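Some notes on the structure that comes next.
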Amino acid sequence: MVLAKCVRFTASAAGKFGQRDLLGNFRNLTTATFTSTSQSSSTSAPSHEQQRRQHASYGKMSGWQIHAYGVPQEEIQFSDGIKMPILRSPTQLLVKVKASSVNPIDVAMINGYGASVLNAMRCKDGGIEFPLVLGRDFSGEIVQKGLGISSRELEVGDEVWGVVPVHLQGCHADYVVVEKYCLFKKPSNLSKIDASAILYAGLTAWSGLYITGHLGDLLGAISPVGGGAGKKVLVLGAAGGVGTLAVQMLLAEGVEVFATCAPDAMQMIHNLGVKYVLDYTDPAHVQNVASVGRFDIVLDCAGKGTDYANEIPWLFDQYITFNSPVLKNIDADGFAAGMYQNAVNLVRNNAASLSTRQGLVKWGYFVPVPQGIAYLQRLAEKDKLLPVVEKVFPFANTPEAYERVSQKHLRGKVVIDFE
């Protein structure tokens, strides 16, 4: 099996987790109650798990927050007095986080990316701008659920993996509340580390290919069926978190995959099953790609942006980049002027592209929808999708994880182990 050869830079075994006491006196009539177990005594210094139990008994938790925009080294701060989130609707669940990844969006948000739009959305939902907990995807255990969720769907004690929409308080804390559509049972063949490293990057790749790119036509966008067999896709920046998952998804669907990456990552991409891997630092790769012929999709996971589509001589039906200027323009110019600038950019890039017999230039986004999670779950359960994890950091060293992501040129994902 191809994935048996998948390069791993660090593999943290998923160890057993301790049980914890949880006080079930939350005054929320829409929710089911916590399960509780006895806490074992210890004469040694309290572990993070023991501290979690103690904090939870007072309705508090520990986590990492920012109180202003800036740079990760200065703004990411630890607090053990964060108020535990509570369920506010019968379709929400409270999850004890066991592992979570750090994504480039987390670093970008510390730098102020999307502050205008995301803060407006956050406040509309009853939230506040600061302090802000970051973190978008996680694995963990359900400790409380809303009464609108049946036992056939999810139950207290279930091992789960989930994702947090970007405008909400995140999961780099002991507990997180999410809506039911953002949470699924964790594939049993994935460790907590692997499960925590898939959903944000995987949903970004999935939405780019199937919602923006229509790789599986309408059915591929509205259901978890996938599709795209026989088509040809070029993935730029295949060695990063989104790229490593995108190539696996495409290979699982029978797509002919071409990929670019740095020379030190080429063997890793070959090991994922990609036959045609090109070194983007070699100037000859531009003509080598051009000689391949027309691509159904060029998927930019390298942050090249829309202008790059007009700089290359490649033929394509669609060029899809995740480096969208939408939020940046709104942050800089306000909503009306920013949206006008976005429209101008998109029209200009498409006009230039179509004039050279190339295809459409589009923006791709992270879209947290249940059919996308179900698609990723199906591939993971069939051993066709496994994240490349560059390094695992303990919870106490979370700032180091942010620093590594801010340095860019990742080889897969960076993960925080909460236990």
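The values are calculated or read from the model by the stated rules, or taken from the named source; none is laboratory data. This structure is a prediction, so every number in the text was calculated from the model and none was measured. Cβ atoms come from the backbone with ideal geometry, glycine included; neighbour counts cover every protein chain shown. We work out accessible area using only protein heavy atoms, side chains counted, and drop any ligands, DNA or RNA first. Shrake-Rupley method; radii C 1.70, N 1.55, O 1.52, S 1.80 Å.
Hey, any hits in segment 307-316 for a residue that's farther than 22 Å from Val117 by Cα and touching a residue at least 60 places away in the same chain (Cβ under 8 Å)? Talk me through it step by step, then tell me what you get.
Residues of segment 307-316 that are farther than 22 Å from Val117 by Cα, as a first pass: 307-316.
So of that shortlist, the ones also touching a residue at least 60 places away in the same chain (Cβ under 8 Å) come out as 314, 316.
Yes, segment 307-316 has at least one match.
Run down Leu250, Leu278 and say which single residue is more than 20 Å from Asn103 (Cβ to Cβ), surrounded by 24 or more Cβ atoms within 10 Å (Cβ to Cβ) and without any contact (Cβ under 8 Å) to a residue 60 or more places away in the chain.
On the way: Leu278 fails: surrounded by 24 or more Cβ atoms within 10 Å (Cβ to Cβ).
Only one candidate passes the filter, namely Leu250.
State which residue pairs qualify: first residue in the same structural domain as Tyr308 (by the TED database) and inside segment 328-350, second residue open to solvent by less than 80 Å² (accessible area, probe 1.4 Å) and basic (Lys, Arg) in any location, beta carbons under 9 Å apart, and separation of 6 or more residues or different chains.
What qualifies is Leu346/Lys362; Asn350/Lys362.
Only one residue in Glu390, Glu419, Glu400 is in a helix (DSSP H, G or I) and either in contact with a strand residue (DSSP E or B) (Cβ under 8 Å, 6 or more places away or on another chain) or not hydroxyl-bearing (Ser, Thr, Tyr) (or both), so which one is that?
Working: Glu390 fails: in a helix (DSSP H, G or I); Glu419 fails: in a helix (DSSP H, G or I).
Of the residues listed, the single one that is in a helix (DSSP H, G or I) and either in contact with a strand residue (DSSP E or B) (Cβ under 8 Å, 6 or more places away or on another chain) or not hydroxyl-bearing (Ser, Thr, Tyr) (or both) is Glu400.
Can you give me the number of residues within segment 188-217 that are under 19 Å from Asn103 (Cα atoms) and either among the β-branched types (Val, Ile, Thr) or touching a strand residue (DSSP E or B) at 6+ places or on another chain (Cβ under 8 Å) (or both)?
Number of matching residues: 14.
Of the residues Val369, Val286, which is outside the structural domain of Met249 (by the TED database) and either on the phi < 0 side of the Ramachandran plot or surrounded by fewer than 17 Cβ atoms within 10 Å (Cβ to Cβ) (or both)? Quick ask: steps written out before the conclusion?
Values: Val286 fails: outside the structural domain of Met249 (by the TED database).
Answer to the check: Val369.
Does Leu199 qualify as being buried (at least 19 other Cβ atoms within 10 Å of the Cβ), in contact (Cβ under 8 Å) with a residue 60 or more places away in the chain, more than 13 Å from Leu379 (Cβ to Cβ) and touching a helix residue (DSSP H, G or I) at 6+ places or on another chain (Cβ under 7 Å)?
no
Condition first: of a type outside the set (A, V, I, L, M), farther than 19 Å from Gln318 by Cα and part of a helix (DSSP H, G or I). Now tell me which residues in segment 334-349 satisfy that.
To start, the set of residues in segment 334-349 that are of a type outside the set (A, V, I, L, M) comprises 334-335, 338, 340-342, 345, 348-349.
From the residues that got through so far, the ones that are farther than 19 Å from Gln318 by Cα too are 334-335, 338, 340-341.
Result: Phe335, Gly338, Tyr340, Gln341.
Scanning for something within 19 Å of the chain's Cα centre (by Cα), farther than 23 Å from Asp331 by Cα and buried (at least 20 other Cβ atoms within 10 Å of the Cβ), does segment 108-121 turn up at least one residue?
So far as segment 108-121 goes, no, none of its residues is within 19 Å of the chain's Cα centre (by Cα), farther than 23 Å from Asp331 by Cα and buried (at least 20 other Cβ atoms within 10 Å of the Cβ).
Output the residue which, of all residues in segment 343-366 that are open to solvent by 50 Å² or more (accessible area, probe 1.4 Å) and among the basic types (Lys, Arg), is nearest to Asp296 (Cα to Cα).
Arg357
Taking the conditions exactly as written (in a helix (DSSP H, G or I), modelled with pLDDT of 95 or more and open to solvent by 40 Å² or more (accessible area, probe 1.4 Å)), does Leu209 satisfy them or not? Give the steps one after another, and end with the answer.
Numbers: in a helix (DSSP H, G or I): yes; modelled with pLDDT of 95 or more: yes; open to solvent by 40 Å² or more (accessible area, probe 1.4 Å): no.
So Leu209 does not fit the description; no.
May I ask you to list the residues in segment 212-223 that are open to solvent by 50 Å² or more (accessible area, probe 1.4 Å) and either part of a loop (DSSP other than H, G, I, E, B) or among the hydroxyl-bearing types (Ser, Thr, Tyr) (or both)? Write out each step before concluding.
Here is the first cut: in segment 212-223, the residues open to solvent by 50 Å² or more (accessible area, probe 1.4 Å) are 214, 217-219, 222.
Listed by number, the list holds a single entry, His214.
Take Lys60 and tell me if it is surrounded by fewer than 21 Cβ atoms within 10 Å (Cβ to Cβ), in contact with a strand residue (DSSP E or B) (Cβ under 6 Å, 6 or more places away or on another chain) and touching a residue at least 12 places away in the same chain (Cβ under 8 Å).
On the way: surrounded by fewer than 21 Cβ atoms within 10 Å (Cβ to Cβ): yes; in contact with a strand residue (DSSP E or B) (Cβ under 6 Å, 6 or more places away or on another chain): yes; touching a residue at least 12 places away in the same chain (Cβ under 8 Å): yes.
It is true that Lys60 is surrounded by fewer than 21 Cβ atoms within 10 Å (Cβ to Cβ), in contact with a strand residue (DSSP E or B) (Cβ under 6 Å, 6 or more places away or on another chain) and touching a residue at least 12 places away in the same chain (Cβ under 8 Å).
Out of the residues in segment 144-196 meeting the condition of being of a type in the set (Ser, Thr, Tyr) and over 24 Å from Phe366 (Cα atoms), tell me which one is most open to solvent (accessible area, probe 1.4 Å). If you could, list the steps in order and put the result at the bottom.
Let us first name the residues in segment 144-196 that are of a type in the set (Ser, Thr, Tyr), namely 150-151, 175, 181, 188, 191, 196.
In the following step, the residues that additionally are over 24 Å from Phe366 (Cα atoms) were identified as 150-151, 188.
Values: Ser150: 39, Ser151: 78, Ser188: 117 Å².
Checked segment 144-196; the qualifying residue most open to solvent (accessible area, probe 1.4 Å) is Ser188.
Looking only at residues that are over 22 Å from Arg404 (Cα atoms) and acidic (Asp, Glu) in segment 253-274, which one is least open to solvent (accessible area, probe 1.4 Å)?
Only one residue fits best here, namely Glu253.
Could you tell me whether Asp317 is assigned to a helix (DSSP H, G or I) and open to solvent by 30 Å² or more (accessible area, probe 1.4 Å)? Can you show your working first?
Working: assigned to a helix (DSSP H, G or I): no; open to solvent by 30 Å² or more (accessible area, probe 1.4 Å): yes.
When the stated conditions are applied, Asp317 does not pass them.
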